[in-house]
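In what follows, a single structure is set out as structure tokens and then discussed.
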Amino acid sequence: MSLAYVALGSNLGDPRQQVLDAMDALARLPGTRLRQRSSLYRTPPWGVLEQPPFINAVVELDTELSPHALLEALLVIEQRAGRVRAERNGPRTLDLDLLHVEGVQLDDPDLTLPHPRMAERAFVLLPLCDIVPTLRPSGQATVAEQLARLDPSGCERVA
């Protein structure tokens, strides 16, 4: 079993419900147990600014799935939620990003771990800090230290 951290986000349809439903779907993955879930955060859009705000969260999973198998499962959950990849950083019904898998560093065409842009995004670090503030992805600064370097203005805990 490995600890894995997944970021969840949505800004189309009922974003709060999309994120909660995705958490339930993650908990039902084979050989996987949902250990912790962060609060939900309303956050401003990233990249394409002319779109609704997002609901973001992070979960901690204990899983027997390999990182690539977990990524495939995340893509299936996104697809079932109606995810259409039309515009990079554009609106979406559901976005699931594999952030970190304990003890794993990867850099291949399909998956990079830890997530290469995690430390730049308050909408990822805020909920991640809820559940593992002392995590050090790849021996970097802790999640809490990385978050302290960012401006989380506009991000609001909603549940």
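The values are calculated or read from the model by the stated rules, or taken from the named source; none is laboratory data. Since we're looking at a predicted model, the values are computed, not measured. Positions of Cβ are generated from backbone atoms using ideal geometry, with glycine treated the same way; all protein chains shown enter the neighbour counts. Only protein heavy atoms, including side chains, enter the accessible area calculation; ligands, DNA and RNA are left aside. Shrake-Rupley method; radii C 1.70, N 1.55, O 1.52, S 1.80 Å.
Please state the shape class of the range 68-154: rounded when a/c is under 1.5, otherwise prolate if a/b exceeds b/c and oblate if not, all from the C-alpha gyration tensor.
On the way: a/c = 2.12, a/b = 1.34, b/c = 1.58.
Since a/c reaches 1.5 but b/c is at least a/b, the shape of the range 68-154 is classed as oblate.
For a test of the definition: using alpha carbon positions, the gyration tensor, and the 1.5 limit on a/c, classify the range 6-59 as rounded, prolate or oblate.
Details: a/c = 2.65, a/b = 2.23, b/c = 1.19.
The shape class here is prolate.
What accessible area per residue comes out for the chain, rounded to a whole number of Å², with a 1.4 Å probe?
Values: 7900 Å² over 159 residues.
With the other protein chains kept in place, the chain gives 50 Å² per residue.
For the residue pair Asp151 and Ala27, what label-to-label distance in nm results when each label sits 7 Å from Cα along the Cα-to-beta-carbon direction?
Label-label distance for Asp151 and Ala27, simple model: 3.8 nm.
Can you give the relative contact order of the range 1-61 as a percent, counting alpha carbon pairs under 8 Å and 6+ residues apart? Kindly include the intermediate steps, with their values, before the conclusion.
On the way: 94 pairs, mean separation 29.5, N = 61.
Rounded, it is 48 percent for the range 1-61.
Treat each spin label as a single point 7 Å out from the Cα along the C-beta direction, and report the Val104 to Ala69 distance in nm.
Each label point is offset 7 Å from its Cα along the Cβ direction, giving 1.0 nm.
Within the range 132-156, whose backbone N sits under 20 Å from a point 7 Å along Cα→Cβ of Glu120?
Once the point is set 7 Å along Cα→Cβ of Glu120, 137-155 turn out to lie under 20 Å by backbone N, inside the range 132-156.
Step through the residues of the range 102-111 one at a time and calculate ³J(HN,Hα) from phi using the Karplus curve (6.51 cos²θ - 1.76 cosθ + 1.60, θ = phi - 60°), rounding each to whole Hz and writing x for Gly and Pro.
Listing the rounded values in order: 3, x, 10, 10, 9, 8, 10, x, 9, 7 Hz.
Take the solvent-accessible surface of the protein heavy atoms, probe 1.4 Å, and return the percent of it on the chain that carbon and sulfur atoms account for. Don't skip to the end; give the middle numbers.
On the way: 3850 of 7900 Å².
In the chain, the share of accessible area belonging to carbon and sulfur is 49 percent.
Obtain the nm distance between the two label points defined at Arg85 and Ala144 by a simple spin-label model: each point lies 7 Å from its Cα along the Cα-to-C-beta direction.
3.6 nm
With a ≥ b ≥ c the root eigenvalues of the C-alpha gyration tensor of the chain, is it rounded (a/c under 1.5), prolate (a/b larger than b/c) or oblate? Walk me through the numbers before you get to the answer.
On the way: a/c = 1.42, a/b = 1.09, b/c = 1.30.
Judged from the Cα gyration tensor, the chain comes out rounded (a/c under 1.5).
Less than 11 Å Cβ to Cβ from Cys155, Lys/Arg counted +1 and Asp/Glu -1: what total charge do the surrounding residues give?
Numbers: positive: Arg42, Arg121, Arg157; negative: Asp151, Glu156.
It works out to a net charge of +1.
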